[in-house]
Amino acid sequence: MRRNTNNPARYTPPFEPAGSQVAVHEPSAALIRDRGVVQSPDQAERPSAERRSQHVALAYLTTEYPKASHTFIRREILGLERSGQTVLRLAIRASEESIVDPADVAEHARTTHFLSEPRLTLLYSSLVALLSRPIAFVRAVAMTLRMARRSDRGFVRHAAYLVEATHLLRISQRERIRHVHVHFGTNAAAVARLAQRLGGPTYSLTIHGPDEFDAPQSLSLPAKIADALFVVAISDYGAAQIRRWVPYEQWRKIHIVHCTVDDSFFDSAQPIDPTSRTLVCVGRLTAQKGQFVLLDALAQIVQEGTDAQLVLAGDGELRPQIERRIIELELQDRVEITGWIDESEVRRRLLEARALILPSFAEGLPVVIMEAFALGRAVVSTTIAGIPELVAPKENGWLVPAGNVAELASAMRTVLEASAAQLDHMGRIGQERVRQSHRSATELPKLLDLFDHYVRSTSDEV
């Protein structure tokens, strides 16, 4: 399956042609027998070289793509393509944020955004699905109603998901897409699930959190997982959260594939400038990132006489309130808000800092922690979600209780009082941890094996 889709005629879609009367893609015998579970790749014989050389016709679907905070998806797609796998990029809508990274600009041009299509095009897709496969369409409507009843988003939003699913179905037929991989278990996952119900391609999920873990029932997460061929978690914590919502028999189709950082981060590592008094926080200006607590902690140590500068690298809906809080705390000469910046600027800002500080209230496992470690910078963060899997207190960073201003201020003070040599040593430990578990060379083969095993074994039985 090492991916050559230059000749699409070699692929047989796992769904019926548009004119067929029965267009519902039923689970394979193995999936039915094991309640949605096929044998785990680590239990099965690895694909032969000949088998691996045959590619899966694959699409990636997300809610928004590209996006400044989703560089890990871009890295994953580009890594798959470097391995020889062709990936069709699909997104429900274009990002509402400014796209400043040249790599994201290029990805935007390569992505089909459903809601950027003329409305008549989307309605035509729905009409084609209704007329060509009425039974499947009725079943998809029933699924839409079930998801809408559980959700706080209402029927109208879910009816839109059904329309988008019919468009995904039509694109999949045209491009001979055999499998769709979805990042995040939110609305894009609903679209993929409905498309499969219409007789379209199978799908799999990468679940990141925290949104999926905040409202699993409202998002119909258990049902999305049950209908998926396999599910990827990005951390042990994430895998544990997923297991909470599915029967034990389905645990075997949950796999951990870590997010990765580019080698350019490792290659750019530099010792800390001993004169730097800067701490940097990279992320959206949003409630879950905890920036208000960070500002209060900064004000506390500044009032105590500690010299400190803070860079908030990012933008978001809370920027006006954060700017007002900076003025209230008289920190105008201590805090810089950069707005959206590209990947190279993120690297530069991290290298200029003594450490990364991330006081989050809710997370999955932040990629920026991996990036900071790869550059040799220690990390101050909170004891939540998957963060303790990377940040080891007093070894490569500091962990504090989320929302605790005093503990955060104490950790910031410690970073600013530590010698550059001590911080460099901690950064090297963090760098080695990321090198072992978050490089494309180790993680992408895991993902390719999952596509090989699950997608091919299912299509072989259909």
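The values are calculated or read from the model by the stated rules, or taken from the named source; none is laboratory data. Just so it is clear, the model here is predicted, and its values are computed rather than measured. FYI the Cβ positions are ideal-geometry reconstructions off the backbone, even for glycines, and counts take in every protein chain you see.
Under the condition of being of a type outside the set (V, I, T) and within 19 Å of N187 (Cα to Cα), which residue from region 106-118 is surrounded by the most Cβ atoms within 10 Å (Cβ to Cβ)?
Filtering region 106-118 for residues that are of a type outside the set (V, I, T) and within 19 Å of N187 (Cα to Cα), the one surrounded by the most Cβ atoms within 10 Å (Cβ to Cβ) comes out as F114.
Given the criteria within 24 Å of S268 (Cα to Cα), without any contact (Cβ under 8 Å) to a residue 24 or more places away in the chain and out of contact with any Gly (no Cβ under 6 Å at 6 or more places or on another chain), does R324 qualify?
Criteria not met by R324.
All but one of (1) crowded, with 19+ Cβ neighbours inside 10 Å; (2) in contact with a His (Cβ under 9 Å, 6 or more places away or on another chain); (3) in a helix (DSSP H, G or I) hold for L205; which doesn't?
All conditions pass for L205, except number (3).
Of all residues in region 156-202, which are part of a loop (DSSP other than H, G, I, E, B) and more than 16 Å from E64 (Cβ to Cβ)?
R176, I177, R178, L198, G199, G200, P201
For I357, state whether it is over 29 Å from D263 (Cα atoms) and in contact with a strand residue (DSSP E or B) (Cβ under 8 Å, 6 or more places away or on another chain).
Judged against the criteria, I357 is not a match.
Identify, from the list R377, R456, R433, the residue that is touching a Gly at 6+ places or on another chain (Cβ under 9 Å) and among the basic types (K, R).
Going through R377, R456, R433 in turn, the sole match is R377.
Hey, among the residues in region 173-194 that are among the small types (G, A, S) and touching a strand residue (DSSP E or B) at 6+ places or on another chain (Cβ under 7 Å), which one's surrounded by the fewest Cβ atoms within 10 Å (Cβ to Cβ)?
Across region 173-194, the extreme among qualifying residues is G185.
Can you confirm whether V380 is under 25 Å from E304 (Cα atoms), in the same structural domain as R334 (by TED's automatic domain parsing) and crowded, with 19+ Cβ neighbours inside 10 Å?
Yes: the conditions hold for V380.
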